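Following: one structure in structure tokens, then a few remarks.
The values are calculated or read from the model by the stated rules, or taken from the named source; none is laboratory data. What you see is a predicted model, and the numbers here were worked out from it, not measured in a lab. No Cβ is skipped: glycine too gets one built from the backbone with ideal geometry, and neighbour counts run over all protein chains shown. All accessible areas refer to the heavy atoms of the entire protein, side chains included, with ligands and DNA or RNA removed. Shrake-Rupley method; radii C 1.70, N 1.55, O 1.52, S 1.80 Å.
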Amino acid sequence: MSELLQVTNITAGYGDGPAILDGAHLTVEPGKVHCIIGPNGAGKSTLLKSICGMLTIRKGEVVFNGKRLNGMRPDQILREGICFVPQERALFPKMTVRENLRMGGFILDDHKKLERRIDEILERFPILRERAEQHAGTMSGGQQQTLAMARTLIIKPAIVMLDEPSLGLAPKVIQEMFDIMKMMSAEGVTVLLVEQNALMGLKNSDWGVVLDLGRTLFEGPAGDVLADPRIQELYLGGNKAA
Amino acid sequence: MAAILQILILGLALGGVIALMGSGLSLVFGVMRIVNLAHPSLIIAGAYITYWAFKASGVDPILMLPVSAAIMAAIGVLLYRLMFERETNSVKYSEMTVLLTFALAMMVEGVLGGLFTNTQRVTSPDYATEAFFIGDVFIPKGQLYAGLVSLTIITALTLFLKYSRLGYAIRATTQNREAAELLGVNVNFISILAFAIGLGLAGAAGSLVSFVFSFFPAKHWEWVAMLMSVVVLGGMGSILGTVVAALLLSVVAAFVGTWIGATWSTMTFFLALFLILLIRPQGLFGEKPEMA
């Protein structure tokens, strides 16, 4: 497998507190959707935060495109091509949709290129085009999530990491989020997804990773993860994959 | 009618200066969540820089404004790196910054007292004692110039925040520090920059204050409550709110001072602070941080 991102046995936690991750590993292939599942407190969000530089990695290493990311700041990791959308969507509520998109391209030096990219994104997401001058904080949860995901595309990243994009959204809207995710993947963007709705997350992914108590228990093709009876019993509520 | 117009003009002119005094405090709170209790003492430091230049070589206070702003901005960079940078990840960050800025205010007062004694000072350019007359209404030139310069600086600051790349980064950091960092903003640099701008505004306000109010090192205790009421009423972190609140309270204070008594004028600010905290703690333009 030609990995784009390799996480090797990392230990990480918040501040001086206990380690949340202790021996987590992960292999990310280019252009595919990877779904991390596991119970609450397994360390799924912590893993994404460690990769994007928000948390200090105490042991182990994260290598992206052959480059070690340990010790780098989030802005430096973003410049390498890794975008992260946290659970709270990380929007600027008092900025308009257009201004939020402009912030999405903050690291781009070419102003004209940035404005062109914003226009392209607005063209692809009609709901954002309609609300381009509206403050992000006044939009619905689904619209905010669409904006957060669309904003990552401004810089054409190599990897987009999404932390529970379906959180708090209506079922119909959730499917729209997965459709956007698939569209990203079809365009060659690698997606690393943390999803509480494990069944839905795995069904929309190529690769599955099972995390528990800060360790990686299993990783493999999403179909294999879905079909594994132990994983079905422990993490999928006993539901058999359709 | 002329009397009301007179009070209104005096209130608005002073309100412009108070808006500038409060805008740096508001900016620093918005970006870094630092309640800078030392801000008024740093305004007084700016006033003393201007006073010293005026006495030494007769430099006009308004011409000294950029110099005073630049000196205070440079001091801001040093202070931030020495005092606040190491605290940014502390779980008791807010409490620490209150204590640190309180200590800083005491230190600045002590240093200024040592250098200039506790005598009341004021710079006295010619226009500080002159006025324009329109019928029965007079407009003191000093207050008018100070108010206009203040509003010009605040307009420039607003345009900078609204349209420049760094302005975007400052606004983004104000609204969601973590999100700004995730989008490539070096939030530590932005914090240093915002603190420097905040203190630069204190320096600029100091130059104008030097000929509008008499001042002495301990004067900041009176101003800290006044500025807090302006910033809280406007909405902590909102520059527009600070301007509106400063103009509003100054005008009300001018009417109270004229009709009820000068000693009650300052009470307007304290009463406003008390009421706004009870009725609408987020202020006029402040919003709850939660997303819709």
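Miscellaneous remarks
- Inter-chain Cβ neighbour count for B:171-179, averaged per residue, equals 6 (cutoff 10 Å, partner chain atoms only).
- P(r), alpha carbons of the range A:101-242 - 10 Å bins starting at zero, rounded %: 10, 36, 31, 16, 6, 0
- Rotationally averaged projected area of the range A:1-82 (alpha carbon convex hull; nm²): 5.4
- Cβ charges +1 (Lys, Arg) and -1 (Asp, Glu), total dipole of the range B:160-279, debye: 200
- Sites B:V122 and B:L99 - FRET efficiency at Förster radius 35 Å, r taken between beta-carbons, to 0.05: 0.60
- Looking at the range A:161-242, the GluC sites (Glu not before Pro) that sit in a DSSP loop and have at most 13 other Cβ atoms within 10 Å of their own Cβ are A:E187.
- When chain A is treated as a Gaussian network with alpha carbon springs shorter than 10 Å, the biggest mean-square fluctuation among A:G15, A:G60, A:G104 belongs to A:G15.
- As an equivalent ellipsoid, chain B spans semi-axes of 30, 23, 18 angstrom, where each value is the square root of five times an eigenvalue of the C-alpha gyration tensor, largest first.
- Extreme residue, positive dipole direction of chain A, given options A:G168, A:F92, A:L147 (C-beta unit charges): A:F92
- Normalised per residue, the volume of the convex hull around the Cα set of the range B:144-277 (Å³): 119
- The modelled label-to-label distance between B:E85 and A:D224, using points 7 Å beyond Cα along the C-beta direction, is 4.9 nm.
- Residue-averaged 222 nm ellipticity for chain B, from DSSP H runs of 4+ at -39500 (n - 2.57), nearest 500: -24500 deg cm²/dmol
- Here the calculated FRET efficiency for B:D60 and B:L8, from their Cβ-Cβ distance with R0 = 25 Å, stands at 0.35, rounded to the nearest 0.05.
- Proximal lysine pairs, the range A:1-124, alpha carbons under 28 Å, eight or more residues apart or interchain: 14
- To the nearest ten degrees, helix A:111-124 and the longest principal axis of the Cα atoms of chain A are 70 degrees apart.
- Crossing angle, helix A:171-186 versus chain A [Cα axis fit, 0-90 degrees, rounded to tens]: 90
- Legend: mean number of C-beta atoms from other chains within 10 angstrom of residue C-beta atoms, peptide A:95-104, equals 3.
- Here the range B:2-222 is assigned +1 on the Cβ of each Lys and Arg and -1 on the Cβ of each Asp and Glu. Its dipole about the Cα centre then comes out at about 360 debye.
- Evaluating kT/(6 pi eta Rh) at 25 °C and 0.890 mPa s, with the Kirkwood radius of the range B:201-292 over Cα pairs in the Stokes-Einstein relation, gives 174 µm² s⁻¹.
- Note on A:47-54: average number of Cβ atoms from other chains within 10 Å of each residue's Cβ is 1.
- Overall dimensions of the protein assembly as shown as given by Cα atoms, namely Rg and Dmax in Å: 27.6, 92
- Pairwise Lys count, chain B - Cα closer than 25 Å, eight or more residues apart or different chains: 5
- Net charge dipole size for the range A:88-156 [Lys, Arg +1 and Asp, Glu -1 on Cβ; Debye, nearest 20]: 80
- Between A:R58 and B:L78, the modelled labels are 3.9 nm apart [label points 7 Å from Cα along Cα→Cβ].
- Carbon and sulfur %, accessible surface of chain B computed with the full protein complex present, 1.4 Å: 71
- Choice from B:A69, B:A19, B:A218 with maximal GNM fluctuation in chain B (Cα, 10 Å cutoff): B:A218
- Solvent exposure ordering (accessible area, 1.4 Å, most first) of B:M83, B:M236: B:M236, B:M83
- Protection proxy ranking, highest mean first, for peptides B:241-253, B:163-175, B:202-214: B:202-214, B:241-253, B:163-175, where packing is the per-residue count of other beta-carbon atoms within 10 Å, averaged.
- Positive-pole candidate from B:G114, A:F125, B:L25, dipole of the protein assembly as shown, charges at beta carbon: B:G114
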